[in-house]
Amino acid sequence: MQTRVLTAEESQQRKRYYGEIGAHYMTPLWEVLGALVPNEPKPIAQAAMWRYEDVRRHVMDAGALITAAEAERRVLILENPALLGQSCITNSLYAGLQLILPGEVAPAHRHTQSALRLVLDGEGAYTAVDGEKTTMYRGDFIITPAWTWHDHGNLGQEPVVWLDGLDIPMLRFLDAGFAEKSEATSQAEVRPEGDALARYGANMVPVGFAQTSAEPTRVFVYPWKKTREALHSIARSGAPDAHLGFKQRFVNPATGASPMPTIGAFVQHIPAGFETRAYRSTDGTVLVCLEGSGQVEVGQHCFDIAENDVVVVPSWQRLRVRAGKNALNLFSYSDRPVQQALGLWREERL
Ligand code: 1HN
């Protein structure tokens, strides 16, 4: 709307008119058009960081407050400071820190929301997905695709914490959420540990196996040990991209698409002392520092990051990453595959 100064009478007239049409649940487009169709993304979400050193004890305190069984999932949601009460870290994504104590079980259930885990702290826990267990090691990226049964347990001696990433806000937006609890607390094991990785994650698939790009991968764990080795090999030869360092995209090896259709996941190596040029993209992104320390600049914000810290980078905010004395290894996830499927995704190298 072009704005001009209105006479008192015109203002009155419009106000009266808006009241009349409001009674019929109508409202004038011209008052909101600019906000509805901005020249570029103007996310409500803001840049923020959760410093693991600061929040860890609060996560541990939850262990004395409620059991995993009572909570079903003992999780502290990471809420975007500009989206409080909405259980989201960006418009489209959820993040939380989940704690499971030795001997506990988080009971089996399934839902149409897709989930990923990034193991941060402690050893001895497992996740079971559709009848197969995987032991969780720090840095492992594990998925539970939509409608797969999943339960967790801790057979070790120490508390285990991981980051959960889900597409909850997307499914809420679409009103497409279904969920179901299992009668069995823990799933019966129908395949031995490592089966999916051997069948689908060793540069092979069973002969005759075919998937569309909308289907999630059967590989439900991307072990950090392998990812890290690959990153280091890549970084040993060739120069880092000026804007991204060495950045890799996790894939469904059978299709080349993202591991799950709604959430993209990435890993990034920033060599010691390297500073990326400013970059922005339309997928609001959750970054997790797996190794090293440095600075993350998001728009006007600058965060000092260390291991296990979480930073949220809203859509179209300028991002720069600087590694300190030690190289940075960052994990990230976003709604990029959804935007790409719809032809909406944009990036800009500044
Ligand atoms: C869920 O199923 C898990 O399985 C974690 O660990 C967090 C948040 C909302 C809805 C379901 C899990 C979740 C969740």
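The values are calculated or read from the model by the stated rules, or taken from the named source; none is laboratory data. These numbers come from a predicted model, not from an experiment. Note that we place each Cβ from the backbone using ideal geometry, even for glycine, and neighbour counts take in every protein chain shown. Accessible surface is based on the protein model in full, side chains and every heavy atom, while ligands, DNA and RNA are left aside. Shrake-Rupley method; radii C 1.70, N 1.55, O 1.52, S 1.80 Å.
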**Complete:** Between Arg318 and residues 5 or more places away or on another chain, the pairs with built amide H atoms under 5 Å apart involve Gly299
**Request:** Tell me what the chain gives for mean residue ellipticity at 222 nm when only DSSP H runs of n ≥ 4 count, each as -39,500 (n - 2.57), the sum divided by the residue total, rounded to 500 deg cm²/dmol.
**Result:** -5500 deg cm²/dmol
**Message:** Explain nothing, just the number: dipole magnitude of the chain about its Cα centre with +1 on each Lys and Arg Cβ and -1 on each Asp and Glu Cβ, in debye rounded to the nearest 20.
**Reply:** 1000
**Item:** Sparsely packed trypsin sites (Lys or Arg not before Pro) within segment 193-299, loop by DSSP, other Cβ within 10 Å at most 16
**Value:** Arg277
**Prompt:** How do the peptides 172-179, 155-162 rank, highest first, by the average count of neighbouring beta carbon atoms within 10 Å per residue?
**Reply:** 155-162, 172-179
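Can you give the convex hull volume per residue for the Cα atoms of segment 68-153, as a whole number of Å³?
101
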**Request:** Towards the positive end of the charge dipole of the chain, with charges on Cβ (+1 Lys, Arg; -1 Asp, Glu), say which of Leu29, Ala188, Ser114 has the farthest Cα.
**Result:** Leu29
**Prompt:** Ignoring ligands, DNA and RNA, what percent of the 1.4 Å accessible area of segment 111-202 is carbon and sulfur?
**Reply:** 54
**Asked** Can you list the residues, at least 5 places off or on another chain, whose amide H is less than 5 Å from the amide H of Ile89, using H built in the peptide plane?
**Response** Asn80, Tyr94, Ala95
**Asked** Tell me, what is a quarter of the convex hull surface for the C-alpha atoms of segment 48-202, in nm² with one decimal?
**Response** 9.7
**For the chain, built as a Gaussian network whose Cα springs stay under 10 Å, the top-fluctuating residue of Pro337, Pro223, Pro206** = Pro206
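Once you wrap a convex hull around the alpha carbon atoms of segment 192-318, what is its projected area averaged over all directions, in nm²?
9.1
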**Asked** Regarding segment 167-237, what whole-number volume in Å³ per residue does the convex hull of its Cα atoms give?
**Response** 197
**Item:** Amide H contacts of Thr148 (H built 1.01 Å from N, under 5 Å, at least 5 apart or other chain)
**Value:** His111
**Asked** Which net charge results when you count Lys and Arg as +1 and Asp and Glu as -1 among the other residues whose beta-carbon is under 10 Å from that of Leu93?
**Response** -3
**Request:** Quick one: dipole size for segment 122-175, taken about the Cα centre, charges +1 on Lys/Arg Cβ and -1 on Asp/Glu Cβ, in debye to the nearest 20.
**Result:** 60
**Under Karplus coefficients 6.51, -1.76 and 1.60, residue-wise ³J(HN,Hα) of segment 146-156 in Hz, glycine/proline x** = 3, 6, 8, 5, 8, 9, 10, x, 10, 9, x
**From phi via Karplus (6.51, -1.76, 1.60), per-residue ³J(HN,Hα) for segment 59-74 in Hz, x at Gly/Pro** = 5, 5, 4, 4, x, 8, 8, 8, 7, 4, 5, 5, 6, 6, 9, 8
**Request:** Give me the orientation-averaged projected area of the Cα convex hull of the chain, in nm², one decimal.
**Result:** 22.3
**Message:** Which of Pro261, Pro216, Pro43 ends up with the largest GNM mean-square fluctuation for the chain, with Cα atoms connected below 10 Å?
**Reply:** Pro43
**Request:** Keeping all protein chains in place, calculate the accessible area per residue for the chain (probe 1.4 angstrom), answer in Å².
**Result:** 51
**Cα radius of gyration and Dmax for segment 19-134 (Å)** = 20.4, 64
**Request:** Return the FRET efficiency for the residue pair Ala239, Tyr18: r is the Cβ-Cβ distance, R0 is 51 Å, and the value is rounded to the nearest 0.05.
**Result:** 0.30
**Hz values of 3J(HN,Hα) by residue in segment 265-272 - Karplus curve (6.51, -1.76, 1.60), Gly and Pro given as x** = 9, 9, 9, 9, 10, 10, x, 3
